[in-house]
Amino acid sequence: MADAPSPSDQAGNEAITEDQQPQKKGKLTGILPMILGVAIMAGLTWAFTQFVLVRTIEDSLKGVLVESSAEGGSEEKTANGGEPSEDDTHGSSDNHASDGSADHSNASDNHASSSDGHGGSGKPEEEEKLENPYQIESALVNIKSTNASRFLVVSITIDSGQDDQRRLALYNILKAKDAFVRDMTLEILSEFSMEDLSDEPAAKNKVKIQLKERLSQYITDKNLDYSVLFTQWAIQ
């Protein structure tokens, strides 16, 4: 059998154990404040980041986003040539819908003012008036059988004694066929000899009859009553 430890040895071991326990407690007591300090610093850092730094960044980003959205809106309006967007259109339509009565009242006022602008009489505007009738100025033709030694110079006016509207209609027809009317007039006059022209009234009457017969192919409106007038008739 092994010998049991003596009382002196047992007392020494207990002394060693009691000396080690205070050393362990001293180490733990020294480490604990450091751990608490680290934890407090981490908490302060988190709080600073969460409540100060993050909010500062958010505020800065909000300002940038607002400015960029404003610039984007102005660029969109510029690209659209200043036309309102759909939201503006809907907004304006809502305004028109809500203020419909005011719009109708304004429209009635506008109509009233426009009627006042016309004098309130309601009469139609004056018809277009004819300033000058259709004319052929100083037409020169060789007299038949004179070997181009004698000439006839005439000026002709074709006009109507009716109202201005029919006079204007006659003028427009003849002006549209101006070249043809002039040609047929010269052709009729070139058929007259000195003997025919010796009786001026009869010669003029023959020219009027023949000219009106040929003009009938252009003046098809039978309600247009017109006359052929000679404002110049000279033999040279």
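What follows draws every value from the coordinates through simple rules; no lab data is involved. Note that this is a predicted model, so its numbers are computed, not measured. Counting neighbours? That spans all protein chains shown, and the Cβs are built from the backbone with ideal geometry, glycine included.
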Express in nm, to one decimal, how much length is gained between S149 and M34 on full extension, taking 0.36 nm for each residue of separation and deducting their alpha carbon distance. 27.3 nm
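Please work out whether the range 134-235 counts as rounded, prolate or oblate from its C-alpha gyration tensor, where a ≥ b ≥ c are the square roots of the eigenvalues and a/c under 1.5 means rounded, while otherwise a/b larger than b/c means prolate and anything else oblate?
prolate
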Would you mind ranking I173, I209 so that the residue whose beta carbon has the fewest other beta carbons within 10 Å leads the list? I209, I173
Mind listing the long-range amide H neighbours of R150? Cut-off is under 5 Å, sequence gap 5 or more, other chains count too, H placed in the peptide plane at 1.01 Å from N. I143
Counting Lys +1, Arg +1, Asp -1, Glu -1, what net charge surrounds K144 among other residues with beta carbon under 11 Å of its beta carbon? -2
Return the FRET efficiency for the residue pair E131, M194: r is the Cβ-Cβ distance, R0 is 35 Å, and the value is rounded to the nearest 0.05. 0.40
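May I ask you to compute the full-extension gain from L61 to I219, defined as 0.36 nm times their residue separation minus their alpha-carbon distance, rounded to one decimal in nm?
That works out to 48.5 nm of additional length.
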